[in-house]
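To start, the structure itself, in structure tokens.
The values are calculated or read from the model by the stated rules, or taken from the named source; none is laboratory data. Keep in mind the model is a prediction, meaning the values are calculated, not measured. Because the Cβ atoms are built from the backbone with ideal geometry, glycine has one as well, and the counts that use them run over all protein chains shown.
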Amino acid sequence: MSSTVRMLTRARSICVAVAALAFVTALATKSQVAQSQPSFAQAFSFALIGDLGYYPQHESWVDNVFADINKDASLAFVVHVGDLSRPVHACTDELLARRLAQFNASVHPVVFTPGDNDWTDCHEKQGVKDGDPLARLAKLRSMFFQGEQSLGKRTIPLVRQSTDPAFAKFRENVRWDMGSVTFVTLHVVGSNNNLGRAPESDLEYAERDKANLAWLQQGFAHARANNSRAVMILQQANIFPNPPAPTAKGPSGFADTLALLVTFSESTTRSGKGHREERPAFLRLKTSSGLRLLVHRTTIGSMPPSSRMITTSSPSAPESSRQML
């Protein structure tokens, strides 16, 4: 069984598909940037995957997903938004090597941003004996984020946040342009974004949170300077169901990211239940500059393990979203 989501966007609007989360923020513009890839200048599609292969018996399904993606010649690239498996498997070198090989065997460029299962949850409470989350994070960075290009047999150039000496370790935060859309990955993960579990995790969170906020701001600045009509931000965590205010469990690890988004708005409304919901939900922001922001949240986690999402961007199409199961 396959699952397809198509999102069509127009100028002055933003659409976000969230596998774990993807924001799309519209930028008002009178002209579109010249394209480095003419074949995708008018419309392009890409695959959005994540939360695959949680159990060994699911590995054949993961292989089928990549085989299906490889057959689709229309795709411009593939984005994996984290959770390579369950922590007990994702926190091993063997599973990381398998996923990296699958990414590099893809006929399409692959961009990966980590999830909490991939490092944050690599500790004993998640069934990972002698787990060390920070060591697993270092391993991810050394394996998946080398060079200045995507993974895959065919690659696309990426701009990494690590080119800034102040954020040299954050190679996972990347940016690229296609069509008139700027794409940005943001390393924001579940499990409260690694905040509140241990003193060392709080220190890691604070450093990464600072980097993420800077990268988000730079992404918008680049898009405006580049005359992009939209920004799409891809991250693993769904930040909206989690209250940004302190709770009995401690402060939210998503508050700063959400607050930065809200600075672009005058008011917000939202619907939906959160990470495992099966129907799309929307977050609308009315900005003081007259822009309209529409966040469309669809969860990969609620889809069958053998599924993927396809996202299409077309500058001439009306703003809409359609899910077909």
(request) For residues that are in a helix (DSSP H, G or I) and farther than 10 Å from Thr120 by Cα, scanning just the range 185-204, find the one that is farthest from the chain's Cα centre (by Cα). (result) Pro199
(request) List the strands (runs of 3 or more DSSP E) that sit entirely inside the range 1-116 and contain at least 3 residues that are at pLDDT below 95. (result) 4-8, 21-26, 44-49, 75-80
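Can you confirm whether the range 115-137 contains a residue that is of a type in the set (A, V, I, L, M, F, W, C) and within 19 Å of Gln218 (Cβ to Cβ)?
No - not one qualifying residue is present in the range 115-137.
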(message) Here are the criteria: (1) among the acidic types (Asp, Glu); (2) on the phi < 0 side of the Ramachandran plot; (3) touching a helix residue (DSSP H, G or I) at 6+ places or on another chain (Cβ under 9 Å). Tell me which single one Asp130 does not satisfy.
(response) (2)
(request) Any chance you could count how many residues in the range 209-227 are small (Gly, Ala, Ser) and in contact with a helix residue (DSSP H, G or I) (Cβ under 8 Å, 6 or more places away or on another chain)? (result) 2
(request) For residues that are under 27 Å from Phe46 (Cα atoms), of a type in the set (S, T, N, Q) and either crowded, with 16+ Cβ neighbours inside 10 Å or modelled with pLDDT of 90 or more (or both), tally how many sit in the range 227-258. (result) 5
(message) Residue pairs, Cβ under 7 Å, 6 or more apart or interchain, first in the range 247-262 and within 14 Å of Val189 (Cβ to Cβ) and hydroxyl-bearing (Ser, Thr, Tyr), second surrounded by fewer than 18 Cβ atoms within 10 Å (Cβ to Cβ) and at pLDDT below 90. List them.
(response) Ser252/Pro243; Ser252/Pro244
(message) Every residue in the range 60-89 that is farther than 21 Å from His123 by Cα, among the charged types (D, E, K, R) and in contact (Cβ under 8 Å) with a residue 24 or more places away in the chain, please.
(response) Asp63, Asp68, Asp72
(message) For the range 142-183, give me the residue count where each residue is surrounded by 13 or more Cβ atoms within 10 Å (Cβ to Cβ), among the small types (Gly, Ala, Ser) and out of contact with any Ser or Thr (no Cβ under 7 Å at 6 or more places or on another chain).
(response) 2
(message) Anything in the range 114-141 that is among the hydrophobic types (A, V, I, L, M, F, W, C) and either surrounded by fewer than 16 Cβ atoms within 10 Å (Cβ to Cβ) or more than 16 Å from Glu172 (Cα to Cα) (or both)? List them, or say none.
(response) Cys122, Val128, Ala135, Ala138
